[in-house]
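Engineer: Dropping a structure here in structure tokens format, bear with me for questions.
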Amino acid sequence: MALTTLNRLQLTPDINICRTLIGMWQVSGSGYGRIDPVAAVKAMFDYLDAGFTTWDLADIYGPAEDLMGEFRRQLLATRGETALSSLQIFTKWVPQPTKMTKKLVEESINKSLTRIGVKSIDLLQFHWWDYHNSNYLDALQYLSELQKEGKIKHLGLTNFDTKHLKIIHEAGITIVSNQVQFSIIDRRPEVHMIQHCQKHNIKLLTYGTLCGGLLSEKYLGKPEPRVEDINTPSLKKYKNMIDSWGGWELFQELLIVLKQIANKYGVSIGNVAVRYILDKPTVGGVIIGARLGLSEHLNDNVKILQFSLDNEDVEKIDTISRKSRDLYRVIGDCGDEYR
């Protein structure tokens, strides 16, 4: 498989993305440490120079949109319009479930436009906490109007389940992506989501693919972490996911297999875990969290795009997965853990 095929994807006719997206949720500060904005912007240049052009933000990720705005200003000043046009900036709108008006929706989107410093958002990903409140359809209709007005190029979703994807489709709203949790541990999208997305040309942008860093050499051959060692929101969430999936002993079996495959290609366990999900149907890209200026894995992330798994590798991973519990039965469909 050619490197270019592994590296880029035509998400829409006008947006070509890097299949490893850089996620900025860790700059929110809560549980991840303070971010130095100067160091963060410098790190963003490093990612861009390594070929990572696609960024995942949200209005609720602390200063993420402001950092992107500053990065864009510096990029324009130092490298010009051509460099600026190489970026793909995806953000989210995460409102409190309430009555939706055009004014409320437009003011929220205008705020993101101002913070990022753009006239149009490449991909606006919409999240809604409460399905019992059907105002999410009104919000999406108003977002569609803003799309027609040019403030939004494309609409996506975050953590919507298959049932509500169908409802949105039947309401005549065009969605190009859905951001969901998807990993070797959490394979719930394979139950219903992928089939629906294939039918309606929706791409999945996945997160949690590294289970907060648990899918790595750091935990290979190690005893189960103590509660006090699970010290970030991501680690707490994904350790609970592993417990529900099959527990630490089975997780160690998985890490051993992933390490064997990683050694075969001269890459890391994390690289194999991401590559496995990137090769799944309808997956457009995997979002890798970056603690900009604090903890960088830039050189390792580059390797994700430089190899592919063969059928033997996939079968070894699937053999372990067949020993685990079905998280769809335990938790429900994509995003149900948030509701």
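Engineer: Can you pull out every residue in region 165-188 that is touching a helix residue (DSSP H, G or I) at 6+ places or on another chain (Cβ under 8 Å) and within 17 Å of Leu21 (Cβ to Cβ)? Before you say what the answer is, go through the steps one by one.
Structural biologist: Our first condition is that a residue be touching a helix residue (DSSP H, G or I) at 6+ places or on another chain (Cβ under 8 Å); within region 165-188, this holds for 165-169, 171, 173-175, 178, 180-188.
Within region 165-188, Asn178, Val180, Gln181, Phe182, Ser183 qualify.
Engineer: Taking only pairs six or more apart or across chains, which ones have beta-carbon atoms under 7 Å, a first residue in region 137-150 that is farther than 21 Å from Lys119 by Cβ, and a second residue that is loosely packed, with under 15 Cβ neighbours inside 10 Å?
Structural biologist: Cβ pairs passing all conditions: Leu137/Ala171.
Engineer: How about region 80-94: which of its residues are open to solvent by 70 Å² or more (accessible area, probe 1.4 Å) and in a helix (DSSP H, G or I)?
Structural biologist: Going through region 80-94, the residues open to solvent by 70 Å² or more (accessible area, probe 1.4 Å) turn out to be 81-82, 85.
Scanning region 80-94 gives Glu81, Thr82.
Engineer: Which of (1) over 30 Å from Gly266 (Cβ atoms); (2) over 19 Å from the mean Cα position of the chain (by Cα); (3) at pLDDT 95 or above does Val227 not meet, given it meets every other one?
Structural biologist: It is condition (3) that Val227 fails.
Engineer: Please state which one of Asp300, Asp243, Asp313 is over 26 Å from Ile194 (Cα atoms) and either part of a helix (DSSP H, G or I) or among the acidic types (Asp, Glu) (or both).
Structural biologist: Working: Asp243 fails: over 26 Å from Ile194 (Cα atoms); Asp313 fails: over 26 Å from Ile194 (Cα atoms).
Answer to the selection: Asp300.
Engineer: So for region 13-35 (the condition being polar (S, T, N, Q), open to solvent by less than 40 Å² (accessible area, probe 1.4 Å) and at pLDDT 90 or above), does at least one residue qualify?
Structural biologist: Here is the first cut: in region 13-35, the residues polar (S, T, N, Q) are 16, 20, 26, 28, 30.
Now drop any that are not open to solvent by less than 40 Å² (accessible area, probe 1.4 Å), which leaves 20, 26.
Those still in the list that are at pLDDT 90 or above too: 20.
Yes - at least one qualifying residue is present in region 13-35.
Engineer: In region 105-137, which residues are among the acidic types (Asp, Glu) and surrounded by fewer than 15 Cβ atoms within 10 Å (Cβ to Cβ)? Give the derivation first.
Structural biologist: Residues of region 105-137 among the acidic types (Asp, Glu): 106-107, 122, 130.
Listed by number, the residues that qualify are Glu107, Asp130.
Engineer: Shifting gears a bit: Only one residue in Leu298, Leu309, Leu305 is open to solvent by 20 Å² or more (accessible area, probe 1.4 Å), hydrophobic (A, V, I, L, M, F, W, C), at pLDDT below 95 and touching a helix residue (DSSP H, G or I) at 6+ places or on another chain (Cβ under 8 Å). Which one?
Structural biologist: Numbers: Leu309 fails: at pLDDT below 95; Leu305 fails: open to solvent by 20 Å² or more (accessible area, probe 1.4 Å).
Result: Leu298 is the single residue among Leu298, Leu309, Leu305 that is open to solvent by 20 Å² or more (accessible area, probe 1.4 Å), hydrophobic (A, V, I, L, M, F, W, C), at pLDDT below 95 and touching a helix residue (DSSP H, G or I) at 6+ places or on another chain (Cβ under 8 Å).
Engineer: Restricting to region 138-169, name every residue that is open to solvent by 30 Å² or more (accessible area, probe 1.4 Å) and closer than 19 Å to Cys334 by Cβ.
Structural biologist: If the condition is that a residue be open to solvent by 30 Å² or more (accessible area, probe 1.4 Å) and closer than 19 Å to Cys334 by Cβ, then Lys163, Lys166, Ile167, His169 are the ones that fit.
Engineer: Return the residues of region 54-79 that are over 22 Å from Ile109 (Cα atoms) and either open to solvent by less than 20 Å² (accessible area, probe 1.4 Å) or among the acidic types (Asp, Glu) (or both); say none if nothing qualifies. Step through it out loud before you land on a result.
Structural biologist: Taking region 54-79 and keeping what is over 22 Å from Ile109 (Cα atoms), we get 74-79.
Within region 54-79, just Leu75 meets the criteria.
Engineer: May I ask you to say which residue of Gln181, Gln195 is at pLDDT 95 or above, out of contact with any Lys or Arg (no Cβ under 9 Å at 6 or more places or on another chain) and either surrounded by fewer than 17 Cβ atoms within 10 Å (Cβ to Cβ) or of a type outside the set (A, V, I, L, M) (or both)?
Structural biologist: On the way: Gln181 fails: out of contact with any Lys or Arg (no Cβ under 9 Å at 6 or more places or on another chain).
Gln195 is the lone residue from the list that is at pLDDT 95 or above, out of contact with any Lys or Arg (no Cβ under 9 Å at 6 or more places or on another chain) and either surrounded by fewer than 17 Cβ atoms within 10 Å (Cβ to Cβ) or of a type outside the set (A, V, I, L, M) (or both).
Engineer: Related question: Inside region 115-132, can you point out the residues that are free of Cβ contacts under 8 Å to residues at least 12 places away in the same chain and either in a helix (DSSP H, G or I) or in contact with a Ser or Thr (Cβ under 8 Å, 6 or more places away or on another chain) (or both)? Please lay out each step first, then the result.
Structural biologist: Taking region 115-132 as the starting set, the residues that turn out to be free of Cβ contacts under 8 Å to residues at least 12 places away in the same chain are 132.
If the condition is that a residue be free of Cβ contacts under 8 Å to residues at least 12 places away in the same chain and either in a helix (DSSP H, G or I) or in contact with a Ser or Thr (Cβ under 8 Å, 6 or more places away or on another chain) (or both), then no residue fits.
Engineer: Starting from region 74-86, keep only residues that are free of Cβ contacts under 8 Å to residues at least 40 places away in the same chain, then list their pairs with residues that are outside any helix (DSSP H, G or I) and open to solvent by less than 90 Å² (accessible area, probe 1.4 Å) whose Cβ atoms are within a distance under 7 Å, requiring at least 6 positions of separation or different chains.
Structural biologist: Ser86/Thr53
The values are calculated or read from the model by the stated rules, or taken from the named source; none is laboratory data. Since the model is a prediction, treat every value here as computed from it, not as a measurement. Ideal geometry is used to build each Cβ from the backbone, glycine not excepted, and the neighbour counts take in all protein chains shown. Remember, those area values only see protein heavy atoms, side chains included, never the ligands or the DNA or RNA. Shrake-Rupley method; radii C 1.70, N 1.55, O 1.52, S 1.80 Å.
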